[in-house]
Amino acid sequence: MDEKVEVIHTIVLATILVAIAISMVGCAASRSTAQHASADVSTQYMYPMTAEQADKVITEAMNYQFPDAPILRVELPYKGYFVTRRFLLDSQDFTARMILAKGIDQNGKTVSGFYFEVLDAGTMPISGSIRASSLFDKIIEIANNISKPILIAR
């Protein structure tokens, strides 16, 4: 009987340790209109728009994705917005940023605008990644309604 109890205690302890290890594992990712997996220059784009328009893009996207959360303004290193989502012991940070860029329009003229990034980090790898992707998609949708993307000038 003692041997069975010891085995059960060992299994319970191992399960608790695995659960703690999984909950402490962090995950971070970024999505950007200027950085695609292929790193091909032809897939790196920006949006010709004013700073006010770019700010509107990320404000609307953040409010859409996180309607009930306090969203904080970020000034450095790039302007944007930040929010933290929590569930039990887990949390995930999301940052949407607008980064000044130069692009080449269809006439070959260099124009100013912005590219957008979404950063996420935390202990919610599945739901955090899904929400970050959804936020990035919303940013692109709103930006496309204001301006059409063009290639970044290198």
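The table below lists the values:
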{"item": "By average C-beta atoms within 10 angstrom, highest first, the peptides 66-75, 127-136", "result": "127-136, 66-75"}
{"item": "Label-point gap, in nm, between Ile8 and Asn144 - each point 7 angstrom along Cα→Cβ", "result": "5.8 nm"}
{"item": "Reachable lysines, given that their alpha-carbon falls under 24 Å from the alpha-carbon of Lys79 and they are not under 8 places away in the same chain", "result": "Lys56, Lys102, Lys138, Lys148"}
{"item": "In Å, descending, principal axis extents of the Cα set of segment 62-103", "result": "43, 19, 16"}
{"item": "Asp105, Asp137, reordered so the largest accessible area comes first (probe 1.4 Å)", "result": "Asp137, Asp105"}
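The values are calculated or read from the model by the stated rules, or taken from the named source; none is laboratory data. What you are looking at is a predicted structure, and each value in this text was computed from that prediction instead of being measured. FYI the Cβ positions are ideal-geometry reconstructions off the backbone, even for glycines, and counts take in every protein chain you see. Please note that ligands, DNA and RNA were not included when accessible areas were found on the heavy atoms of the full protein model with its side chains. Shrake-Rupley method; radii C 1.70, N 1.55, O 1.52, S 1.80 Å.
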